[in-house]
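A short reminder: the numbers here are calculations on the coordinates, not readings from a lab. Predicted model, so just to flag it, every value in this text is computed and none were measured. Ideal geometry is used to build each Cβ from the backbone, glycine not excepted, and the neighbour counts take in all protein chains shown.
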Amino acid sequence: MAVEPTRLERTLSQLPDQPGVYQMVGADGRILYIGKAVSLRNRVRSYFQDSAAHPYRTVKMVERVTDVRTIVVTNEVEALILEANLIKRHQPPFNVRLRDDKRFPYLKVTNEPFPRVTFTRVVKDDGARYFGPYTNAHGLRELIDLVRIVFPLRTCREPIDGKRKRPCLQYHIKRCLAPCVGYQSEDDYDRLVDEVVLFLEGHYAPLIGRLQHEMSDAAAHFNFEAAARLRDRIIAVRRTIEGQKVVGRSRIDVDLMALARAQGQACMQVFLVRDGKLLGQEYFILEGTSERGDSEIFSEFIKQFYTSRTGNFGMDASYDAERTGSPLALRAARDQQAPVAEKSRGRRRAGYEAAVPKEILVEARPDDASVIEAWLTEIKGVRVRVLEPRRGERVDYLELVKKNAEQNLRAFLVHQEATETASASALTELAAALDLPEPPHRIECYDISNIGGTHSVASMVVFVEGRPKKSDYRHFNIQAVQGPDDFASMQETLRRRLRYLRHDADRPPLADSDVATAAIEAQGRRRERFHEKPDLLLIDGGKGQLNAVVEVLHETDMWGIPVAGLAKEHEWLFVPGNGEPIVLPPNSAGLHLVMRIRDEAHRFAITHHRNRRGKAMTKSVLDTLAGVGPVRKKRLMTAFGTVRAIKSASVDEIAAVKGMTPALASQVKAALDG
């Protein structure tokens, strides 16, 4: 009798002999590894050949694979772009990844009329200019402050429509030239933005030449105030140049990358050199580097690093390709993108070009360097080379970069060890104080926030191994409790949270052979974080809140979960069945931990309550009208100013607003009059 092939075997037999990206999927639906290939058939099948000699890490990965997903593209360059974007999106555990990649800050020059310079952690392909990533948020904020001092760009979000009657304080302290009231034209403002971009890119010589020409022109026309402002700007730029180290005699743009490895960790150091001067340096802690060669690490890092610096170019197309699985999805998504204004398109293209240097110096040249070069050359518009220098001053410069990488890695390991030691000590002390069988791995803390019982909310914060796990944080809008009843609100919150654990406890065990159902349920539990059982429930409050929670634990038959309350007045801990408080020493690591967790729950609850209250206060009658969404509401308020003015307007006046129709205007008028 023939044996029915498994799903994985059927997938492997149907793989196309074309370039593309493959995703190794585990039993719980999680993507384990993402890679690219010239031939998907040959590459993916090589993982599952008995004769293949794979590293231990690859063997363990293959053992967990239950399915393989593939996306076919046109060529190897498209595969490289798609691979880098998918790794950034899914963070597979068996890929080399930038540690905490989603948290890296960027400097953003917005894509709007009269652009602004802002701080952001979200990079989109929206036509804006992004500079980064930076690993030091404080240093980036100082850079933004310097830019705003040297270049008087606006910082407000107001639309520049010429309706403002007088300038704000920023104009009077010489931090803005007031385009909002017509004191500065859009062309003049755009020239200022171009100067900011040159400054951020490190191209100081053309910037100074441009400023000197503008200063001379202003002086020639007897505009001495403008000439003085330009003179001060030139002085500030020159001061910035004086503080920068000169790297090499060549004026070519180059990025230098060096790798340091120790104790299973890796650190990549990057020096950014523009016009022969050191513009900046950043370091990145990498994950998933064990049993990986230096060439492979450099390959993965370069792809992810420049994907971020070029504004995730191709990201939207990658998402469409992943969703549809169509061979033409990548190109079709690009072809169907919304048109971009010529000015914005030119600014965005220039941003991509400036983010990529002409040369990238590395310690170990990647095996797919030719594909990386083709990809970056397409972005840059001129040839880009990835080089591994063997001799000369470039080797000396790389040695300097490597020393910085080693120093930063040592500092990271020391900090990591100190943090883990402090967390372990605090958890052990807390377990002893609360008479727990072992230190709590997962602690959940709850707090209630309201004003007079209105807009009451609850927060749940989660600490794992003594550190916050913000992806598991949750908000609750209190629904069944009326008035300022914190005890009942806490009970409602715990009932809604513990019902997931109750559902798991009531579910009959699955048969060992029922692999498919187990995989589906595991994937569902992974998506719903409430299914993970806490080792300790921490309640912000004393005996009253604690007793209310104990009632819910008995009611849901979950009384086996340890629970404690932390009273604010004396920072005493209370546990069920013990009328006396547990008093930890003021310098206790365990006390500091529970106070930090409680304060985080308090902050999280207050923030959500403030946002909810703010939305309720700004809600108007227009929000309840059918057919009037956020865009139409904004246009109506811009045209009339207040709801009372809209109510006083005629149907024809309302219909004259962009986006409104006579029928909808009649409905709005009737609703407001009623």
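Checked against a 26 Å cut-off, the cross-linked pairs K174/K633; K108/K165; K277/K403 give Cα-Cα distances beyond that limit for K174/K633; K108/K165. Using the Cβ-Cβ distance between H54 and R157 with R0 set to 45 Å, the FRET efficiency from 1/(1 + (r/R0)^6) comes to roughly 0.25. Separation of region 448-465 from region 622-646 is 33 Å, based on Cα centroids. Taking only the Cα atoms of region 350-389, the radius of gyration and Dmax are 9.9, 29 Å.
Across region 620-673, the convex hull enclosing all Cα atoms gives 65 Å³ per residue. So, counting K/R as plus one and D/E as minus one, what does the shell of residues with Cβ under 15 Å around C180 add up to? Result for the neighbourhood of C180: +3. Given a Förster radius of 25 Å and the C-beta distance between A236 and H172 as r, what FRET efficiency does 1/(1 + (r/R0)^6) yield to the nearest 0.05? My answer for the efficiency is 0.80. Summarising the amide proton neighbourhood of V563: residues at separation of 5 or more, or on other chains, whose placed amide H is nearer than 5 Å comprise L537. Orientation-averaged projection of region 81-163 equals 6.9 nm² [convex hull of Cα atoms, one quarter of hull surface area].
Rg and Dmax over the alpha-carbon atoms of region 538-674 stand at 26.4, 73 Å.
Footprinting exposure proxy ranking of C156, C445, fewest other C-beta atoms within 10 angstrom first, gives C156, C445. Scoring 482-494, 370-382, 160-172, 643-655 by mean Cβ neighbours within 10 Å over their residues and listing the highest first yields 482-494, 370-382, 643-655, 160-172.
The string of couplings for region 368-381 from the Karplus curve (6.51, -1.76, 1.60, θ = phi - 60°) is 9, 4, 5, 5, 4, 4, 5, 5, 5, 5, 4, 6, 6, x Hz, one whole number per residue in order, with x for Gly and Pro.
Simple spin-label estimate for L8 and V62 gives 1.0 nm between the two label positions (7 Å along the Cα-to-Cβ direction from each Cα). Residues in region 11-22 carry Karplus couplings, in order, of 5, 5, 6, 10, 5, x, 8, 9, x, x, 10, 10 Hz; the curve used is 6.51 cos²θ - 1.76 cosθ + 1.60 with θ = phi - 60°, and Gly or Pro positions show x. Shape of region 1-139 from the C-alpha gyration tensor: prolate (a/c of 1.5 or more and a/b above b/c, with a ≥ b ≥ c the square roots of its eigenvalues). Here's the list of aspartates and glutamates a cross-link from K163 could span, going by alpha-carbon distance under 16 Å and ignoring same-chain residues fewer than 8 apart: E186.
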